[in-house]
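A.B. asks: Here it is: the structure, laid out below.
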Amino acid sequence: MTSRGVALAVAVVGLWTAARVFGVPELQSLAVAALTVLVAAVLWSRVLPTRLDVQRTVRPTVLDFGDRATVELTLTNTGWLPTPPLYVTDAAPASLVERSSTRLAPIGPGRRRTVGYQLLGRHRGRATVGPLTLSGRDAFGLAERRRRLPGTAEVVVLPPVVELPAGLRTGGATGSTTGGRRQPNTAGEELSDIREYVHGEDLRAVHWPSTAHRGKLMVRRTEDVLTPRATIVLDVRAHRHTGRGPDASVEVAISAAASATRHLDERGRHVVLLDRPVLRAPESLPADRWLQRLAETEPEDVDLHGLLQQLATGVAAEGTLLTIVTTPREGELRALVRAGRGASTRLALIVDTATFAGRGPHPDVDQSVAGLAAAGWRATAVRRGDDLADAWRALISQGRRHGVGAG
């Protein structure tokens, strides 16, 4: 029964009681009449013809943050009788839809009708749409019958992507597809042929003139036929991030990773995204693939220090290294510096999680930025309310101030 039906049932009991107490037969007759109507409404709702099949179509199934998707529901009457007026409600997350219920006019036998509603990508992630619930009521609205139709669909909302300004040189080995010889980069990107030796490398690669000049082991970059490579390290450690909802620090970090992935991919970089230690050589994927993975990324306890140790041994090869990390603690800053020794360009965005918890800027953030800059990195802080494009411009200005940023 609906709330109206429950109210009528209470009225029936009240009328019957009043009729017995005060000896008014008219009240008793009124109670019997109301009870008859209520029973008839319940029986009618039980036999409502609602034999329907549903087909659900979502376009598109992957949408950018802030974009809209359309859900179409095609209902077919598979029964012998026309359906009564029904309400159809499709289950959908409240973060994506404001209203997914609509009134459905009667459908004749063998006929079909299409209704739809829109999803708004207000929060990244993978969401399930469906199943569909049919609701039919009697003419007085006293009783309701609900029937759930099986079937669901999935939609993925990508993380917010900020267009980053051009101008930041992201060095890396650039190869030619013919002849196996590296070619100069014509896009204005820097190219360093000599870098610091990484423990475990073949000593035959040591460049002795540079070693004698600098007083430490230096090696020549391999002459591989490679497209420039960029490695993005994302800190998703749950105990290090603060805040809730779309304004949480982890959401800003994921948005920064998504923006950098799209930015580097559009500039011809093969992008590798890492948030935990790997068991085999990491694979580079197109930006769209990484964005879909980032859409489903959640904070968890991972061994970021172990990943930095792997990077120090050359697991990500040469090229650009971009780290998006929370405030480094004791020992983590040194591990971060060691991780970037094999990269020609080293960038760091340090997320000041204290500001996302409602506190003031953490003093260690600026110290970490200065320490990375002293080690040849381009580094800047990202705090609550900051524009990622402005943070990227800060990295560009460091590159112009210090010349080539290979360290």
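A.B. asks: Considering only Thr152, Met218, His123, whose Cα is most displaced toward the positive end of the charge dipole of the chain, charges sitting on Cβ of Lys, Arg (+1) and Asp, Glu (-1)?
C.D. replies: Thr152
A.B. asks: Now a separate question. Sort Thr323, Thr74, Thr114 so the one with the fewest other Cβ atoms within 10 Å of its own Cβ comes first.
C.D. replies: Numbers: Thr323 27, Thr74 14, Thr114 10.
Listed from fewest to most nearby Cβ atoms, that is Thr114, Thr74, Thr323.
A.B. asks: Using a 10 angstrom cutoff on alpha carbons, build the Gaussian network for the chain and name the most mobile of Leu142, Leu234, Leu27.
C.D. replies: For the chain, modelled as a Gaussian network with Cα springs under 10 Å, the answer is Leu27.
A.B. asks: How much net charge surrounds Arg145 when only other residues with a Cβ under 13 Å from its Cβ are counted (Lys, Arg +1; Asp, Glu -1)?
C.D. replies: Working: positive: Arg46, Arg51, Arg137, Arg146, Arg147, Arg148; negative: Asp138, Glu144.
Counting the neighbours of Arg145, the net charge comes to +4.
A.B. asks: Also, quick follow-up: In whole Å, how far is the Cα centre of region 1-51 from that of region 339-364?
C.D. replies: Region 1-51 and region 339-364 have Cα centres spaced 68 Å from each other.
A.B. asks: If one computes P(r) from the Cα atoms of region 52-157, what percent of pairs lie at distances over 24 Å? Mind dumping the intermediate values first?
C.D. replies: On the way: 1520 of 5565 pairs.
Looking at region 52-157, the distances longer than 24 Å represent 27 percent of pairs.
A.B. asks: Show log10 I(q)/I(0) for region 1-61 at q = 0.23, 0.24, 0.29 Å⁻¹, two decimals, from a solvent-free Debye sum over equal Cα scatterers.
C.D. replies: For the requested q values the scattering log ratios are -0.90, -0.94, -1.12.
A.B. asks: Got the relative contact order for region 225-402 handy, in percent, Cα pairs under 8 Å and 6 or more residues apart?
C.D. replies: Values: 299 pairs, mean separation 40.1, N = 178.
Answer for region 225-402 is 23 percent.
A.B. asks: Of the residues Ala18, Ala253, Ala153, which exhibits the maximal mean-square fluctuation in a Gaussian network model of the chain defined by a 10 Å Cα contact cut-off?
C.D. replies: Highest fluctuation among the options: Ala18.
A.B. asks: Something else about it: First check a/c for region 1-125, with a ≥ b ≥ c the square roots of the eigenvalues of its C-alpha gyration tensor; if it is under 1.5, answer rounded, and if not, answer prolate when a/b is larger than b/c or oblate otherwise.
C.D. replies: Details: a/c = 5.81, a/b = 2.13, b/c = 2.73.
Taking the square roots of the gyration eigenvalues as a ≥ b ≥ c, region 1-125 is oblate.
A.B. asks: Largest first and to the nearest Å, give the Cα extent of the chain along each principal axis.
C.D. replies: Result for the chain: principal-axis Cα extents of 115, 50, 34 Å.
A.B. asks: I would also like to ask the following. Can you tell me, using C-alpha contacts under 8 Å and at least 6 residues apart, the relative contact order of region 3-46 as a whole percent?
C.D. replies: Numbers: 25 pairs, mean separation 16.5, N = 44.
Relative contact order here is 38 percent.
A.B. asks: Taking Cα pairs under 8 Å and at least six residues apart, what relative contact order does the chain come out at, in percent? Please report the intermediate quantities before stating the final value.
C.D. replies: Details: 845 pairs, mean separation 51.6, N = 407.
Taking the mean separation of contacting Cα pairs over the length of the chain, I get 13 percent.
A.B. asks: Of the candidates Val37, Val325, Val88, which one comes out as most mobile in a Gaussian network treatment of the chain with C-alpha springs shorter than 10 Å?
C.D. replies: Largest GNM mean-square fluctuation: Val37.
A.B. asks: While we're here: Using every pair of alpha-carbon atoms in region 241-330, split the distances into 5 Å bins beginning at 0 and state the percent of pairs per bin, rounded to integers.
C.D. replies: P(r) over region 241-330, rounded to whole percents: 2, 12, 23, 25, 22, 12, 4, 0.
A.B. asks: Provide the net charge surrounding His239, with neighbours chosen by a C-beta distance below 10 Å and charges set as Lys +1, Arg +1, Asp -1, Glu -1.
C.D. replies: Taking every Cβ under 10 Å from that of His239, the sum is 0.
A.B. asks: Taking the Cα centre of the chain as the origin, how large is its charge dipole in debye, to the nearest 20, when only Lys and Arg (+1) and Asp and Glu (-1) carry charge on their Cβ atoms? Could the numbers behind the result be given before it?
C.D. replies: On the way: 52 positive and 41 negative charges, 146 e Å.
Using Cβ point charges on Lys, Arg, Asp and Glu, the chain gives about 700 debye.
A.B. asks: In the chain, which longest range has no GluC sites (Glu not before Pro) that are both DSSP loop (not H, G, I, E or B) and surrounded by at most 16 other Cβ atoms within 10 Å? Walk me through the numbers before you get to the answer.
C.D. replies: Working: sites that count: Glu98, Glu163, Glu190, Glu201, Glu223, Glu283, Glu296, Glu330.
Between exposed loop sites, the widest span is 1-97.
A.B. asks: Sticking with this one: Kindly work out what percent of the DSSP beta bridges joining two residues of the chain are antiparallel, to the nearest 5. Intermediate values should be presented prior to the final figure.
C.D. replies: Details: 43 of 68 bridges.
Percent antiparallel among DSSP bridges in the chain is about 65.
Bear in mind that the values in this text are calculations on the coordinates, not laboratory data. Just so you know, these numbers come straight off a predicted model, no measurement behind them. Ideal geometry is used to build each Cβ from the backbone, glycine not excepted, and the neighbour counts take in all protein chains shown.
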